[in-house]
Amino acid sequence: MSFKPFLLQNQDLSGCRVTVLGLGRFAGGIAVTRFLAARGAQVTVLDAKTAVELEDSLDQLQGIPQVSFILGEASQKLPPTNLLVVNPAIPPQHPLLLQAEAEQIPVTSEMELFWQLNPARVVGVTGSNGKSTTTAMIHAVFSASGAKCWLGGNIGVSLLPVVDQIQPVDWVILELSSFQLFALDRLQVSPQIAVVTNFSPNHLDWHQTLEHYRYSKQSICRWQTSSENVIINADDPDLRDWDFPGNVNTFGSNTDLNPDVLVEKQAFIAHQFAEQFQPQLKVPGWHNRLNAAAAITAGICADLNRKEIQQGLESYEGLPHRLQFLGEFAGRRFYNDSLATTPESAICALEAFEPGQVIALAGGYDKKVDLTPFSCELLTRTKATALMGDTGVKLHELMTNQRMKNQTNADVAISGPQQSFKAAFDWAFQQSAPGDVILLSPGCASYGWFSNFQERGARFESLFRELSQNSPG
């Protein structure tokens, strides 16, 4: 599927009939609808969800006369359209995209529109795991230098509403999903500093093939010039085989590969600096040390000094829903890692704690990825696992079969697929004892039970608050 890029420069949107396909519940759909209406477009929002499901988003668009809505079952046909703006979650095979291609309707996205208007330098971060934390860490590091920095993209913040405030001397730090990169490839653009944290199969329900997923991810560096920088995880063998037109910078833990920033247990060693340094990170886990190494490398590419980089890393508090410590009750520590929507990221969370002390809540929407390694880690590292959602059945089967083959894991409690999130939470608490960690790290998307990972994490937090506040003593 191919569309000509929609070039915004000198385009008069006044009276243009624009259809926004997929409003969603994140900032992007709301922001782009407001942006288009403010420029005089007649906007029709199409979304397969109902008005009840989109209540929060619709409330933010009330009172804009140029905006109309076609929701639910009625959203299966395109109205008369001069320009189609596509939500990143809409897959390339969507019937209305095929219709737009057949009718030669120009197609764009919120990120493409922002990119064309943004005057600042961009650090773009992608990867199958760790991209949100790495993006936020880089923002903290660059902010510590005194530069004006803007954080946005897939991390849940649209910068389109503030693009007029961004100056050429600023830095824009963007988390970029494979969906957004697939769209940006139409413009043939890449950030001045591109960061790839790692690569593993993900979102194959959307991309259909691993090759398409990889090609989309590679857009982050495909259009760089030889003077621009790409930062990759040297420990990842897939990344080492990519083609890079830009200047390659590496981080990792393998001394044989001689990365530009070497990650050790207690320190980071950067070729750029004469001595190693040991920032005191507030977020746990080896995976977060790798994320920090990516941020250090980005800082070096932007000519930041050692003090600024260390200060930025030490100021970083962590993201909501990413190994977020909620508190302690009855001797149990509760961690919300709802943002772990891939098996690999959930495995990283498990590795942050002592084996045998974790009661995990795992499972969710089936993205058609291999869950075997995740099921093995759950058996190896947890005391008990409460299984949820579509993949609960699959994980239960995998874990049961593996436990039958390996009797050393016979003491790990495995729930049957739970009927509700509260049932999973209650079961997990019942399996725990003082000193244990109760960890929501699903390794799967939230769809089915929840609209997004934020809603899932908020539910976990509310159940923790109810437990801790309502229990006697």
Query - Output for the stretch 449-470, where each listed residue is in contact with a helix residue (DSSP H, G or I) (Cβ under 9 Å, 6 or more places away or on another chain) and open to solvent by less than 20 Å² (accessible area, probe 1.4 Å) - result: Arg456, Phe460, Leu463, Phe464
Query raised in the report: So which residues in the stretch 101-136 are open to solvent by less than 20 Å² (accessible area, probe 1.4 Å) and either among the β-branched types (Val, Ile, Thr) or assigned to a strand (DSSP E or B) (or both)?
Result: Ile105, Val107, Thr108, Val122, Val123, Gly124, Val125, Thr126, Thr133, Thr134, Thr135
Query raised in the report: Identify, please: which residue in the stretch 355-402 is touching a Lys or Arg at 6+ places or on another chain (Cβ under 9 Å) and open to solvent by 20 Å² or more (accessible area, probe 1.4 Å) and is, among those, nearest to Ser451 (Cα to Cα)?
Result: Asp366
Query - Residues within the stretch 71-100 that are in a helix (DSSP H, G or I) and either outside the structural domain of Ala41 (by the TED database) or at negative phi (or both), tallied - result: 10
Query raised in the report: How about the stretch 137-238: which helices (runs of 4 or more DSSP H) wholly inside it have at least 2 residues that are crowded, with 22+ Cβ neighbours inside 10 Å and outside the structural domain of Pro92 (by the TED database)?
Result: 178-184, 210-222
Query - Subset tally (residues that are over 16 Å from Phe114 (Cα atoms), open to solvent by less than 20 Å² (accessible area, probe 1.4 Å) and touching a Ser or Thr at 6+ places or on another chain (Cβ under 8 Å)) for the stretch 1-60 - result: 9
Query raised in the report: Residues in the stretch 26-34: is at least one over 27 Å from Trp171 (Cα atoms) and outside the structural domain of Gln454 (by the TED database)?
Result: no
Query - Subset of the stretch 449-463 that is part of a loop (DSSP other than H, G, I, E, B) and either within 13 Å of Asp56 (Cβ to Cβ) or not assigned by the TED database to the domain that holds Thr341 (or both) - its residue that is nearest to the chain's Cα centre (by Cα) - result: Asn452
Report summary line: Exception for Ala386 within (1) within 24 Å of the chain's Cα centre (by Cα); (2) closer than 22 Å to Ser432 by Cα; (3) not in a strand (DSSP E or B) falls at (3)
Query - Filter result (of a type in the set (Gly, Ala, Ser), open to solvent by 40 Å² or more (accessible area, probe 1.4 Å) and in contact (Cβ under 8 Å) with a residue 40 or more places away in the chain) within the stretch 266-296 - result: none
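Looking only at residues in the stretch 9-35 that are among the polar types (S, T, N, Q) and in a loop (DSSP other than H, G, I, E, B), which one is modelled with the highest pLDDT? Outline the logic, then answer.
Our first condition is that a residue be among the polar types (S, T, N, Q); within the stretch 9-35, this holds for 9-11, 14, 19, 33.
Filter again for in a loop (DSSP other than H, G, I, E, B), leaving 9-11, 14.
Values: Gln9: 84, Asn10: 81, Gln11: 86, Ser14: 94.
Ranking the candidates gives Ser14 first.
The values are calculated or read from the model by the stated rules, or taken from the named source; none is laboratory data. Just so it is clear, the model here is predicted, and its values are computed rather than measured. Heads up, the Cβs are rebuilt from the backbone with ideal geometry, glycines too, and the neighbour counts pull from every protein chain shown. All accessible areas refer to the heavy atoms of the entire protein, side chains included, with ligands and DNA or RNA removed. Shrake-Rupley method; radii C 1.70, N 1.55, O 1.52, S 1.80 Å.
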